[in-house]
Structures are given as C-alpha cells and as structure tokens.
Amino acid sequence: MAQHCLWDDPHEQPQKVAQVIARIANPTGMRVTQLLLEVEEVLGATDVRNLADAAKAAAKLGEIDRQLSRAPGNGRVEKARAYLKDQLKKLKLASIEAV
C-alpha cells in the first residue's frame, strides 16, 4: 500500500495519509470535499433570523459556488453545485420566514 511508503507508522497519521493520497489521486474530488465542508461550516454558523448574518452566508455560498463552477467537470462537481444551490434556497426561505 502507498501509505506504507509515506510514514514508518501510518497508524499515527491515517487522516494525513488519506489526504495526501486523495490530493494526488483525485485533486478535483479533494477540492469538492473541502468546499462542501465549507458549505456545512457556513450553514452551521448562520443564524437565519439575523438578516445580516444570512446575507453574509448567502454571499459566502455564492463564492463557493463560483469556485465549484471553475472545477474540472465531473458528476461530483455537478452534484455538489446542486446541493449548494438547494441549501442556498433553503437559507433564503428560512430567512424570509423568520422575518
């Protein structure tokens, strides 16, 4: 296994091993995963009852969508963009309902 070539004891660094291998083997997939984690962080930190907070979150989600749109196309990128747009729609609806 490749992980045994990178460290003497890969059990100490399993997450790092996975990240290095994923970055090399599938850089687009790794970037999509990072951006989806950002989406979840933004959504988790947003108070939809606060319109300014919701607007900042919507802007950040828009930026993440722009980054995804520049990623080399594959089915995962399109699914990630569809998920993000759905979450953005839910965020906007929740903000409107909170008003």
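Not counting ligands, DNA or RNA, and with a 1.4 Å probe, what is residue 93's accessible surface area in Å² rounded to the nearest 10?
For residue 93, solvent-accessible area is about 90 Å².
What percent do you get for the relative contact order of region 16-99 when only Cα pairs under 8 Å and 6+ apart count?
33
Which links in 56/85; 56/79; 60/90 stretch past 18 Å when you go from one Cα to the other? Can you show the working numbers first?
On the way: 56/85 15 Å; 56/79 23 Å; 60/90 15 Å.
The answer is 56/79.
Taking Rh as the Kirkwood radius, which is the inverse of the mean 1/r over Cα pairs, what is the Rg/Rh value for region 31-98? Show your work: numbers first, answer last.
Values: Rg = 11.9 Å, Rh = 12.0 Å.
So for region 31-98, dividing Rg by the Kirkwood Rh gives 0.99.
Computing the accessible area with a 1.4 Å probe over protein heavy atoms, can you report the carbon and sulfur percentage for region 22-99? Show your work: numbers first, answer last.
Details: 2830 of 4920 Å².
Its accessible area is 58 percent carbon and sulfur atoms.
The values are calculated or read from the model by the stated rules, or taken from the named source; none is laboratory data. Everything quoted here is computed from the prediction, not taken from an experiment. The area values use the complete protein model at the heavy-atom level, side chains included, leaving out ligands, DNA and RNA. Shrake-Rupley method; radii C 1.70, N 1.55, O 1.52, S 1.80 Å.
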